[in-house]
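Everything on this sheet refers to the single structure shown next.
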Amino acid sequence: EELQKKDEFAKTFSCVSMTKDSDFYHQTGPYQELNHADTFIQQLLEHIESENSGYFYPAKVKNTLFSGFASNLAHAIHDVFFGKKNVLTRQNRVDFIELYYVFLQLKIIEIVHPDNVSFSCKDAIDIGMPATIELFLLLKLINIRPLSAEEEDYLKVILYYPSIGYRGRLLFP
């Protein structure tokens, strides 16, 4: 996050942080029973706008996202994927957050126009690689391009090999 503020990187590097390790993201702790859709959406918008909740956006990105897009996206996801249901189960809310993230990432890519995109975490295994594959699969779906058997096999290798090969374990849930 600080690297992009240095003069030599200001025009070539942008970093966005979106937490995937919080009670809100997992809908646990105080959020376990946050079943009412309107309350959940309000909480979602408060969290993603707060740097105190594990989110960070460069000024250009922040200004564009939070001038109406973030709220419109949340309501569109609620309408399209959840049929405007008043009550969302914990799993619905977790799925909602994941959908929100991936569409938000697409908007950020549109804003920044990067040559390269990298999803990362401590070692780019448990969060970074699944996030990369998730975006790839969404783009395949949006473009109505079926996943070939070869692509599926390749995705499985790049998804699972790092955790098994480097860490000797499966991906963290």
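The values are calculated or read from the model by the stated rules, or taken from the named source; none is laboratory data. Keep in mind the model is a prediction, meaning the values are calculated, not measured. Note: ideal-geometry Cβ built from the backbone for every residue, glycine included; neighbour counts use all protein chains shown. Just the protein is used for accessible areas: all its heavy atoms, side chains included, with ligands, DNA and RNA removed. Shrake-Rupley method; radii C 1.70, N 1.55, O 1.52, S 1.80 Å.
From the list 73, 44, 65, which residue is open to solvent by less than 30 Å² (accessible area, probe 1.4 Å), touching a residue at least 40 places away in the same chain (Cβ under 8 Å), farther than 20 Å from residue 10 by Cβ and touching a Phe, Trp or Tyr at 6+ places or on another chain (Cβ under 7 Å)?
Details: 73 fails: touching a residue at least 40 places away in the same chain (Cβ under 8 Å); 65 fails: farther than 20 Å from residue 10 by Cβ.
None of the other options fit; the residue is 44.
Filtering the range 108-120 to residues that are touching a Gly at 6+ places or on another chain (Cβ under 9 Å) and surrounded by 15 or more Cβ atoms within 10 Å (Cβ to Cβ) leaves only 119.
Checking the stated criteria, residue 96 turns out not to satisfy the condition of being more than 16 Å from the chain's Cα centre (by Cα) and either over 23 Å from residue 11 (Cα atoms) or surrounded by 13 or more Cβ atoms within 10 Å (Cβ to Cβ) (or both). How many residues, within the range 97-146, are farther than 26 Å from residue 46 by Cβ, part of a helix (DSSP H, G or I) and either touching a residue at least 12 places away in the same chain (Cβ under 8 Å) or in contact with a helix residue (DSSP H, G or I) (Cβ under 9 Å, 6 or more places away or on another chain) (or both)? Summing the residues that are farther than 26 Å from residue 46 by Cβ, part of a helix (DSSP H, G or I) and either touching a residue at least 12 places away in the same chain (Cβ under 8 Å) or in contact with a helix residue (DSSP H, G or I) (Cβ under 9 Å, 6 or more places away or on another chain) (or both) in the range 97-146 gives 8.
What tally of residues in the range 124-153 results from selecting those that are surrounded by 12 or more Cβ atoms within 10 Å (Cβ to Cβ) and among the hydroxyl-bearing types (Ser, Thr, Tyr)? Going through the range 124-153 one residue at a time, the tally reaches 1.
Every condition in (1) open to solvent by less than 20 Å² (accessible area, probe 1.4 Å); (2) within 27 Å of residue 143 (Cα to Cα) holds for residue 18 except the one numbered (1).
Take the range 1-41 and flag every residue that is of a type in the set (S, T, N, Q) and without any contact (Cβ under 8 Å) to a residue 24 or more places away in the chain. Result: 12, 28, 39.
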